[in-house]
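The numbers here are math on the coordinates, done by the rules we state, and not lab data. Note that the structure is predicted; figures quoted are calculated from it, not measured. Please note: Cβ atoms are built from the backbone with ideal geometry, for glycine as well, and neighbour counts cover all protein chains shown.
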Amino acid sequence: MSTPFKEIGQSGDTKFLFLSELLGCPVVSASGKTLGRLVDLKVMLGELFPKVIKLRVKLKGGRDGSSIDWSEVQDIQGKAIKLKAEAEYRFGPLQLTEGEILLKEEILDKQVVDTYGAKIERVNDIHLLAAKGELRIVHVDFGARGIYRRLGWIRQIDAMTNWLFTYRLPEKMISWKYVQPLASDPQKKSLKLNVTLRKLYELHPSDLADIIEDLDREKRATVFKSLDLQTAAETLEEIDPKIQASLIDSASVEKASDIIEEMAPDEATDLLADLPEDKRRRLIGPMEKQHREELEYLLRFDEGTAGSIMTKDFISLQEGMTIGDAIQEIRKTTHPFETITYLYVTDTEYRLSGVLTMKHLLLCSPETPVSQHMETRLVKVQPEDDVEEVVEIFQKYDFMAIPVVDQNNGLRGIITLRDVIESKYKEF
């Protein structure tokens, strides 16, 4: 949960809320006694902005199948949902009838399309409006802010991006009136299949991944085989791990190997780690030596360790280099932006000695030695460290990336904020 809620009475007060802020909130009686926690909201479809009609609550010592009418809510106060007097005796079993849906269970993390069928997105959060005693859906959140909000990191992310780039991640929300849940769309299959192969190349890899996931096994393979190496690699990174293996099986060993070689090292490692050892060896064998050795190194680490989520995509600089040299390195790189937020400075033995930010490159003259402005008070982890420890470091220091070093302080890789978010996001 991100911020405490302003009190919302039944008179005329209005307040915008997010579903992620409400889920898990204690539900309390009029006297303040905690009765349980909110696990979902039931809404009735049909109106332009559907209203919440019931709360799904996990009562203390009970299951999460109990419900109570929204009309029994007095207000949302602090971080709790407060019920009216005697409401605690009016809980009943949860039932769904035609036209009713549960927001968390049926909308959150699901794909939706706009009414023109132009775009397919994943719902990261749901924007709600409390007014005149009612709670209604007003927007769906498709942006990164929705993910960060659910992780409880939105304040840290805003502070970090503002400090580094004077930038705030934008909201990416669409009014509910323009959105249809795919689960209730009778044209779901034909809608997805109406996307021609020519248009597939125009889609973002995340959108293309969503389309492929909704096809049957045979059509998935057909579409995947039609993609060029780079598009196939970028799309495969976004696809559900359970489907990745079947898509790799649908391609020849040579093409599958080339596709994996095009993927980000940490994403490729995740995919290979789930394959049988003999198949893994066949796919890694044809790769260029540098890529093969990188993946073999990353595959040494157990799931749940820092090494299992680190990437070898980063920029390192020698202590004797200048800011101008660093800028040239950035111009040459093809690494994703999140991996070059920091530039790591090493000595001649490749031991980590400092770090530069993009801010240094913008403010310092090209002739300035990198060693003159690098930060030497370093926070770093080792490959064997637990991922949970890495998460705590990101939360504490608001970093965009953390270096991974061996016992001799040799730079082995980095872990980006995105890597950590994706590792945690799998738990949701």
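Listing for the model above:
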read-out: Crossing angle, helix 253-262 versus the chain [Cα axis fit, 0-90 degrees, rounded to tens]; value: 80 degrees
read-out: Relative contact order, percent, the chain [alpha-carbon distance under 8 Å, six or more residues apart]; value: 10 percent
read-out: Nearest-ten-degree value, helix 229-238 long axis tilted from longest Cα axis of the chain; value: 40 degrees
read-out: Derived scalar couplings ³J(HN,Hα) [the stretch 214-220; Karplus, 6.51 cos²θ - 1.76 cosθ + 1.60; whole Hz; x for Gly, Pro]; value: 8, 8, 6, 4, 5, 6, 4
read-out: Exceeding the 32 Å Cα-Cα cut-off - candidates LYS110/LYS359; LYS359/LYS380; LYS60/LYS177; LYS242/LYS359; LYS42/LYS396; value: LYS110/LYS359; LYS60/LYS177; LYS242/LYS359; LYS42/LYS396
read-out: Residue among VAL140, VAL379, VAL253 with the largest mean-square fluctuation in a Gaussian network model of the chain, springs linking Cα atoms under 10 Å; value: VAL379
read-out: Environment charge at HIS373 (Cβ cut-off 14 Å; Lys +1, Arg +1, Asp -1, Glu -1); value: -2
read-out: Under 5 Å, built H, 5+ apart or other chain: amide partners of ARG56; value: VAL39, ASP40, LEU41, LYS42
read-out: Phi-based couplings in Hz for the stretch 294-301 (Karplus 6.51, -1.76, 1.60; Gly and Pro marked x); value: 4, 5, 4, 5, 5, 6, 6, 9
read-out: In sequence order, calculated HN-Hα J values of the stretch 405-414 (Karplus, 6.51, -1.76, 1.60; Hz; x Gly/Pro); value: 10, 8, 5, 9, 6, x, 6, 10, x, 9
read-out: ILE174 long-range amide H proximity, modeled H, under 5 Å; value: VAL140, PHE142
read-out: Residue among PRO26, PRO93, PRO383 with the largest mean-square fluctuation in a Gaussian network model of the chain, springs linking Cα atoms under 10 Å; value: PRO93
read-out: Under-5 Å amide H pairs with GLY36, H placed in peptide plane, nonlocal only; value: VAL27, LYS60
read-out: Highest-fluctuation residue, LYS255, LYS312, LYS332 considered, GNM on the chain with Cα pairs under 10 Å; value: LYS332
read-out: For PHE399, PHE49, PHE224, order by how many other beta-carbon atoms lie within 10 Å, fewest first; value: PHE49, PHE399, PHE224
read-out: Dipole of the chain, positive end: most advanced residue of ALA85, MET358, SER20 [Cβ charges, Cα centre]; value: ALA85
read-out: FRET E, pair GLU47, GLN395, Förster distance 41 Å, beta-carbon r, rounded to 0.05; value: 0.55
read-out: Pair ASP386, GLU100: separation of 7 Å Cα→Cβ label points (nm); value: 4.2 nm
read-out: Added length on full extension, which subtracts the Cα-Cα distance from 0.36 nm per residue, GLU422 to THR222; value: 69.2 nm
